[in-house]
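Read the structure below first, then the notes.
The values are calculated or read from the model by the stated rules, or taken from the named source; none is laboratory data. All figures in this text were calculated on a predicted structure; none of them were measured in a lab. Ideal geometry is used to build each Cβ from the backbone, glycine not excepted, and the neighbour counts take in all protein chains shown.
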Amino acid sequence: MACYPSDGTTAHELSNNADLAMYRAKSSASQTICYYDATMDEAVRKRRELSSALRMALQNGELELHYQVQTSIQSGEVRGYEALLRWTHPQLGRISPDVFIPIAEENGMIIELGEWVLRTACEEAVRWDTPLRVAVNISAVQLMQVELPRMIHETLMETGLPASRLEIELTETAIFEDRERSMHVLRQIKALGVGVALDDFGTGYSSLEVLRSFPFDKIKLDRFFMHEIETSHTAKAMVRSVLALGKNLAIPVLAEGVETHSQLLILAQEGFDEMQGYLLGRPSRVIQPAQLPDLEEAGEALETSAKKTA
Ligand code: C2E
Ligand code: CA
Ligand code: CA
């Protein structure tokens, strides 16, 4: 329900606001009648506006891919880049993927966006000077599509990117939506020669079963652990067990969200394989060669900061 004149002065405004209240009524189990409430319903309105704006974003050329470097910790070599989608709305400016990806998953746009991301990443990677790997995020909704392996195969053929240079990243949550089906899809993708990485590991179900049932090419430890690793013994113990698991299954482990020298030093000591994070480079339009900071220097920096705190 929306009431004149507090909830609107025109018929259009009133019916629009009543509509928003109806959405809330439908989604709540206990309430059958909801009054329009500006604070509660504004979020829904914004979401609906973004949802329709997103439909135009692709054809209006508002999307682009940024790339973030992934580096070997032992050798300092660049291993590849993760493609991250960026949306610049003409009026609202930059909108975070954490906001628009869930909207795209909800309104179905993710299929079209996902195809665009994959194609663009392959086209751009083919033109890089060095034939490094490109990692592309795949949403749970895409993983439910039985046509996904064929779409990936066609994109590789059409863009000329060798399958071995492509890696897809997906989360455990995505796999758990429908385990049977996603395992089937993943096996077909793997058979193409494309790498498969398990993203955000350690925050979702973190089931050993997932690792046992599919031969992942990489485990990406969620960036949450980087915050904790310096201070929390529990976090460190968990990180160690993930590393041991990776070693036993012969799956390399990448640490996400590495921001400081001291984190890097801990990663090197613990035996991580790869890293990604602001310390080495923020996602950007241009492919940047990353220079791994000197570990000795990092060690000294750590000592100095330890002395300061002492
Ligand atoms: P993600 O796949 O875990 O991507 C890593 C996110 O961490 C990126 O955020 C990246 O900018 C950020 N990050 C990298 N290094 C650091 C660091 O040192 N510190 C901190 N605090 N953050 C760091 P971004 O680009 O905002 O993307 C957020 C999420 O949106 C991604 O998380 C991914 O789940 C999703 N996403 C982004 N692009 C795509 C896409 O093309 N397709 C799909 N399906 N999802 C995407
Ligand atoms: Ca990712
Ligand atoms: Ca991640």
Query raised in the report: Pairs, please: C-beta under 6 Å, at least 6 apart or cross-chain, first residue under 17 Å from SER284 (Cα atoms) and in region 87-115, second modelled with pLDDT of 95 or more and loosely packed, with under 13 Cβ neighbours inside 10 Å?
Result: THR88/ARG94
Report summary line: Checked GLU172, GLU167 against criteria (in contact (Cβ under 8 Å) with a residue 60 or more places away in the chain and within 14 Å of ligand 1 (Cβ to nearest atom)); the one match is GLU167
Report task. Confirm whether ALA53 is surrounded by 15 or more Cβ atoms within 10 Å (Cβ to Cβ), small (Gly, Ala, Ser) and in contact with a His (Cβ under 7 Å, 6 or more places away or on another chain). Result -> yes
Query raised in the report: Yes or no: SER75 of a type outside the set (A, V, I, L, M, F, W, C), assigned by TED's automatic domain parsing to the domain that holds PHE216 and not in a helix (DSSP H, G or I)?
Result: yes
Query raised in the report: In region 173-201, what count of residues is obtained for those that are at pLDDT 90 or above and within 16 Å of ligand 3 (Cβ to nearest atom)?
Result: 7
Query - Test: residue in region 95-107 that is among the small types (Gly, Ala, Ser), assigned by TED's automatic domain parsing to the domain that holds GLN288 and more than 16 Å from ligand 2 (Cβ to nearest atom) - result: no
Requested in this report: Hey, could you check region 1-39 for residues that are surrounded by 14 or more Cβ atoms within 10 Å (Cβ to Cβ) and of a type in the set (Ser, Thr, Tyr) and say which is farthest from GLU49 (Cα to Cα)?
Outcome: TYR35
Query - Answer from LEU143, LEU161 - the residue that is within 16 Å of ligand 3 (Cβ to nearest atom) and either in contact with a strand residue (DSSP E or B) (Cβ under 8 Å, 6 or more places away or on another chain) or not assigned by TED's automatic domain parsing to the domain that holds ASP200 (or both) - result: LEU143
Query raised in the report: Which of the strands (runs of 3 or more DSSP E) contained wholly in region 192-293 include at least 3 residues that are surrounded by 14 or more Cβ atoms within 10 Å (Cβ to Cβ) and touching a Lys or Arg at 6+ places or on another chain (Cβ under 7 Å)?
Result: 195-201
Report task. Collect the residues in region 104-120 that are away from ligand 3 (no atom under 16 Å from the Cβ) and buried (at least 19 other Cβ atoms within 10 Å of the Cβ), keeping them in residue-number order. Result -> ALA104, MET109, ILE110, LEU113, GLY114, LEU118
